[in-house]
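The structure appears right after this line, and notes come after that.
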Amino acid sequence: MHIVRATQEHLDILVNLFDQYRLFYRRQSDLVGATRFLGERIERGDSVIFLALSTKKEAMGFTQLYPSFSSVSMQRLWILNDLYVSDDHRRKGVAKALMDQAKKLAVETKAKGIVLETEVANTSARPLYESLGYRRDENYLHYALTLEL
């Protein structure tokens, strides 16, 4: 397995993984929309996407991080927004390798840390997060405002 930072040249194989990820979260398949969305993120540098590739250059999984900042600490912060490993590559260390690469990015950019959220029902992912030092926030409530467009 090899972890690379995704570029436009990886877009075709990344889009299929991203579509599988969205299906996991009960969204409809939209390869055209996924291509546009990911292409824009890569082109604009809005996010950092790491892609796990097999020795056969097969896409195994990806993670996407968005930059943010902590005003209180006056430091950079990364939001680990997406993490997905294809069904046939699970339980092989892919998610851990992607998260290790995310941590390396945070260290290299002198970030305060990485934050992530997951569905309460995603019980299979939580042990991995906790084994890597992530702790559930017991101090703050998180709110969301969803806008109808």
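What follows is calculated from the coordinates using simple rules that are stated; it is not laboratory data. A quick note: this is a predicted structure, and the numbers were derived from the prediction, not measured. Glycine also receives a Cβ, built like all others from the backbone with ideal geometry; neighbour counts cover every protein chain displayed.
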Legend entry - Nearby lysines by direct alpha-carbon distance to Lys110 (threshold 28 angstrom, same-chain neighbours under 8 apart not counted): Lys96
Inset, instruction - Note the listed values (1) -0.36, -0.53, -0.62, -1.23; (2) -0.36, -0.52, -0.61, -1.12; (3) -0.27, -0.40, -0.47, -0.94, then indicate which one is log10 I(q)/I(0) by the Debye sum over Cα atoms at q = 0.10, 0.12, 0.13, 0.18 Å⁻¹ calculated from this particular structure. - result: (1)
Legend entry - Label point 7 Å beyond Cα of Arg27 along Cβ direction - residues of region 119-149 with amide nitrogen under 19 Å: 119-122, 144-149
Legend entry - Extension gain, Ser73 back to Ser124 (0.36 nm per residue minus Cα-Cα distance, nm): 15.2 nm
Inset, instruction - Taking only Cα atoms and a 10 Å spring cutoff, compute GNM fluctuations for the chain and point out the largest among Lys96, Lys56, Lys112. - result: Lys56
Inset, instruction - Using a Gaussian network model of the chain whose springs link C-alpha atoms within less than 10 Å, name the residue from Ser70, Ser47, Ser124 with the highest mean-square fluctuation. - result: Ser124
Inset, instruction - Could you check which residue among Ser54, Ser86, Ser71 shows the biggest mean-square fluctuation in a GNM of the chain with a 10 Å Cα cutoff? - result: Ser71
Inset, instruction - Just rank Thr109, Thr146, Thr63, fewest to most, by other beta-carbon atoms within 10 angstrom. - result: Thr146, Thr109, Thr63
